[in-house]
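Engineer: Encoded as C-alpha cells, here's the structure I'll be asking about.
Only the coordinates and a few stated rules stand behind these numbers; no lab work does. Bear in mind the structure is a predicted one, so any value in this text is a computation, not a measurement. Don't worry about glycine lacking a Cβ; one is built from the backbone with ideal geometry, like all the others, and counts go over all protein chains shown.
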Amino acid sequence: MSNAESPQSPPQIFWRIDEWFPDLSPEVRAGLKAYHDELQKYNRTLSLISAKSVFVADALHFADSIMATKAIVKSNSHIDKVYDFGSGNGFPGVVFAIMNPKVQVVLVDTDVKKCEFLNFAIQALNLKNVSVENKNIEALPADSVKWAICRGFGNISKAILMARKIVVKGGSVYHLKGEEWGIEVGEIPTQLCSIWSPSLVGEYKLPVGAVKYGVVRTEKIA
C-alpha cells in the first residue's frame, strides 16, 4: 500500500508535564495525569475543552494552571481555602487542589452537567479537599469568600463586580489572564477601583509558544 493509501494515524494527545515540571512530586504528577485522562474521556460528550486544545491540553490548560498556581502560592502562603469562580472544566481549581492538598478548594459553576463531571472526577481522583457548588457566584453568602481564583470567567471588571458582595474586605480574587491583562486592568471602572486594588502577581510563558500569561490580583480594600 502506498503512503497515499495508508490510513492516517490519529493525532497524538500529548502529555509532557513530567518533562516540564520535574519539581512536582510523583504523587502530584500522577494526580494531574489522572485528571487529564478523565477530562479526555468525558470531553467527547460534555465539550469541557475546545476540540483544538484537546491534543495540547497539557500545555494550554495544565501547564497554565500549574504555573499560575505556583505564582499565587508564592505570593500568598496564607491561603487555606480558595473558591474557583466559574470552574467549568476544573481549571485552575482541580489543578490547584492536586498541588495543594492542605488547601480546601470550592469549585463554583452554574452548569449542571459540568458540576456532575467535577463531582465524578473528584471521587475518581479521591480528592478529599475539593467540593462543588452548582450555583451562580452571586448566590454565595455575603462576606463568605476570602480567596478566589478564576480563569476564562470574563474580564476582570465583570468578575469583581459579581464578587463585590461575597468577598470580604482584605480578601482577593486572582485572575488568570493572557497578554491583554494590562488592558483589562486599565478598563476597570473608577467606582470599582475605589473598592478593589489590582496588582500583577506574576508573568510567565508556557513551555511551548511565546505568549505571555499573567496572574492579576484584585484585593478588596473597602
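Engineer: Out of all the residues in the stretch 141-178, which are among the small types (Gly, Ala, Ser) and more than 21 Å from residue 189 (Cβ to Cβ)?
Structural biologist: Result: 142, 144, 152, 170, 178.
Engineer: Here is a follow-up. Out of (1) over 13 Å from the mean Cα position of the chain (by Cα); (2) under 20 Å from residue 158 (Cα atoms), the odd one out for residue 130 is which?
Structural biologist: Here residue 130 meets the rest and fails (2).
Engineer: Still on this structure, please answer the following. If a residue has to be among the aliphatic types (A, V, I, L, M) and under 14 Å from the mean Cα position of the chain (by Cα) to count, how many in the stretch 133-158 make the cut?
Structural biologist: 2
Engineer: Next up: Among the listed residues 203, 179, which satisfies the condition of being loosely packed, with under 13 Cβ neighbours inside 10 Å and within 19 Å of the chain's Cα centre (by Cα)?
Structural biologist: 179
Engineer: Which residue, of 155, 136, is out of contact with any Ser or Thr (no Cβ under 6 Å at 6 or more places or on another chain) and touching a residue at least 12 places away in the same chain (Cβ under 8 Å)?
Structural biologist: 155
Engineer: For the list (1) in contact with a strand residue (DSSP E or B) (Cβ under 7 Å, 6 or more places away or on another chain); (2) within 20 Å of residue 58 (Cα to Cα); (3) of a type in the set (Val, Ile, Thr); (4) buried (at least 23 other Cβ atoms within 10 Å of the Cβ), I need the number of the one condition that residue 122 fails.
Structural biologist: (4)
Engineer: Does residue 84 meet the test of being more than 18 Å from residue 206 (Cβ to Cβ), crowded, with 18+ Cβ neighbours inside 10 Å, within 17 Å of the chain's Cα centre (by Cα) and of a type in the set (Asp, Glu)?
Structural biologist: yes
Engineer: Here is a check on your reading of the model: is residue 47 touching a Gly at 6+ places or on another chain (Cβ under 9 Å) and either of a type outside the set (A, V, I, L, M, F, W, C) or in contact (Cβ under 8 Å) with a residue 24 or more places away in the chain (or both)?
Structural biologist: It is false that residue 47 is touching a Gly at 6+ places or on another chain (Cβ under 9 Å) and either of a type outside the set (A, V, I, L, M, F, W, C) or in contact (Cβ under 8 Å) with a residue 24 or more places away in the chain (or both).
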